[in-house]
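The structure appears right after this line, and notes come after that.
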Amino acid sequence: MSFQKLDTLGHKLEALEHALSILGADEATHMAPGGGEKRAEAMATLAGMYHAQATAPEIADWIAAAKAEALDEDQVLALGEFERGYINATCLPTEFVERRTAATMRSEQLWRELRAKGDWDSFVPALEGVVALVREEAQLRADALDLAPYDALMEQYDPGNRTADLDLVFADLKSFLKDFVPEALAAQEERLARRPRKPLNGPYPIEKQRELGLAAMRAVGFDFTHGSLAVSHHPFCGGVPSDVRMTTRYRTDELLSSLMGVLHETGHALYEQGLPKAWSHWPLGKARGMGMHESQSLFVEMQLARSPEFWEFALPLVHLHLGADAIPGWDVADILAEVNHVERGYIRVDADEVTYPLHVILRYELEQELVSGKLEASQIPEAWDAKMVEYLGISTILDPKDGPMQDVHWPGGAFGYFPSYTLGAMIAAQQWAALEKALPNARDTMRKGDFSAINQWRADHIWSQGSRWSTPDLITRATGEPLNADYFKAHLRQRYLG
């Protein structure tokens, strides 16, 4: 049977993915510096083996033949994901992939060197080359997938997302936020006048912060028989569902950034650990795209871990692991003022949940113009600055380092990825609203440190579904309606104006 051949292929590809993921996680955490050259050689060889097996010409014949076989519902859906993955993997000619890889590597290296200096002019030629290749890639993918070029780029990250839908949702959200940001800042100023922010009382020993992080992970449901926590330069969640490798980083002068980072990555890890094990070797058993993955991390970080109910449970944990004098005189309100502080800023990755979507929408709008040819790379600083001034009231025209040079995505050729970040925040808010309807006592259980019912709802509606449905369909099935910005807006109003 042809489907059986695809099933066997799935096991082989899963094994190679497993090896690559664990090697990659080890490189970022435990590998000795001298191991880099051979590690790169090993990973390149494995990646080459994976690509050769995943794009073999006979796979197209197996997929075509399997369509005529008697398959059950799961197998039919799995076949559709095999086909989608195969088209995405084979629609770019090898010659193009080699050109793109060389150009993006050179561009990233230049970016690392020139960003620190804010030297936009020297960087532009490399970025122009990347943009030209992205336009070429977008057209190749569009032709293979029968989609518009930018939709074809997004399809890699969030299957089913289309600009026709996102433009409406983002326009609505942008309009709301442009008015809401000043309101939230004014409300915050009033609160701070009555109750100023308190200083943190470091230093906080790393080992004690680690124990606090492990306790928080355990409380929200992380399975330590299938995962671990390490340290890396940039926090991430990697590995494989049966062996999730989570990392964080620590600062001894404050404790909240590491703890919130741990909780964010735990959200990713819970999704991976909750995926359907019987399908782990099929594309159907993988997480459904970047937006949905980000929604699971933001669900834990934003919906749960920045709420008063969470901190009624978590503040005693801080005292238990760091000592009663770790944050003397602090109560839940003081913690919330710190973790939910709003500020207009230049840097996307440092932005709070109120201003963050405006950073993403700015990039989403510019990306579409770059891909379509309406905007050239050399024109980015002026276009970027105009939107920063309009959306956030701050100018970056004299500071490309903290303006259009701040992200690695464009130097690396990753176009179509940015929407996933804000989609994740919106999906998380919509999921919480649906969950609270089903579990009216969810906040009370959180106060007690009991996340079992909350996690079971997510397991039933999101994790166990793998990639059975497109991103929009999964949102609708999980929450009862399509993506709706009103839930995110209501969440922001309640948290920052309530």
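Couple of notes before you dig in:
- Qualifying residue in the stretch 21-31 (condition: exposed (fewer than 15 other Cβ atoms within 10 Å of the Cβ) and either closer than 16 Å to Leu79 by Cα or out of contact with any helix residue (DSSP H, G or I) (no Cβ under 9 Å at 6 or more places or on another chain) (or both)): yes
- Within the stretch 318-347, tally of residues that are over 20 Å from Gly202 (Cα atoms) and in contact with a Ser or Thr (Cβ under 9 Å, 6 or more places away or on another chain): 5
- Summed over the stretch 262-308, the residues that are of a type in the set (Phe, Trp, Tyr) and closer than 22 Å to Tyr417 by Cβ give a count of 2.
- The stretch 194-207, subset assigned to a loop (DSSP other than H, G, I, E, B) and free of Cβ contacts under 8 Å to residues at least 12 places away in the same chain, residue farthest from the chain's Cα centre (by Cα): Pro196
- Of all residues in the stretch 105-143, those that are over 13 Å from Ile380 (Cβ atoms), modelled with pLDDT of 95 or more and of a type in the set (Asp, Glu) total 4.
- Test: Ala230 is over 17 Å from Ala305 (Cβ atoms), among the aliphatic types (A, V, I, L, M) and not in a helix (DSSP H, G or I): yes
- From the list Glu294, Glu254, the one residue that fits, being of a type in the set (D, E, K, R), more than 23 Å from Gln406 (Cα to Cα) and buried (at least 17 other Cβ atoms within 10 Å of the Cβ), is Glu254.
- Only residues that are among the charged types (D, E, K, R) and over 22 Å from the mean Cα position of the chain (by Cα) were counted in the stretch 301-343, giving 6.
- Boolean, Leu46 is assigned to a helix (DSSP H, G or I) and surrounded by 14 or more Cβ atoms within 10 Å (Cβ to Cβ): yes
- Summed over the stretch 374-406, residues that are under 18 Å from Tyr364 (Cα atoms), in contact (Cβ under 8 Å) with a residue 24 or more places away in the chain and hydrophobic (A, V, I, L, M, F, W, C) total 5.
- Selection within the stretch 76-114 - more than 17 Å from Ile59 (Cα to Cα), among the charged types (D, E, K, R) and surrounded by 14 or more Cβ atoms within 10 Å (Cβ to Cβ): Arg99, Arg100, Arg106, Glu108
- The number of residues in the stretch 358-375 being over 19 Å from the mean Cα position of the chain (by Cα), under 14 Å from Leu166 (Cα atoms) and of a type in the set (Val, Ile, Thr) comes to 0.
- Subset of the stretch 459-498 (residues that are farther than 18 Å from Asp172 by Cα, surrounded by fewer than 21 Cβ atoms within 10 Å (Cβ to Cβ), modelled with pLDDT of 95 or more and among the hydroxyl-bearing types (Ser, Thr, Tyr)): Ser464, Thr476, Tyr496
- Filter pass, Gly227 being within 22 Å of Leu275 (Cβ to Cβ) and either crowded, with 16+ Cβ neighbours inside 10 Å or modelled with pLDDT of 95 or more (or both): yes
- Looking only at the stretch 145-193, and only at residues there that are in a helix (DSSP H, G or I) and of a type in the set (Phe, Trp, Tyr), the one that is surrounded by the most Cβ atoms within 10 Å (Cβ to Cβ): Tyr150
The values are calculated or read from the model by the stated rules, or taken from the named source; none is laboratory data. As the structure is a prediction and not an experimental result, all values here were calculated from the model. Note: ideal-geometry Cβ built from the backbone for every residue, glycine included; neighbour counts use all protein chains shown.
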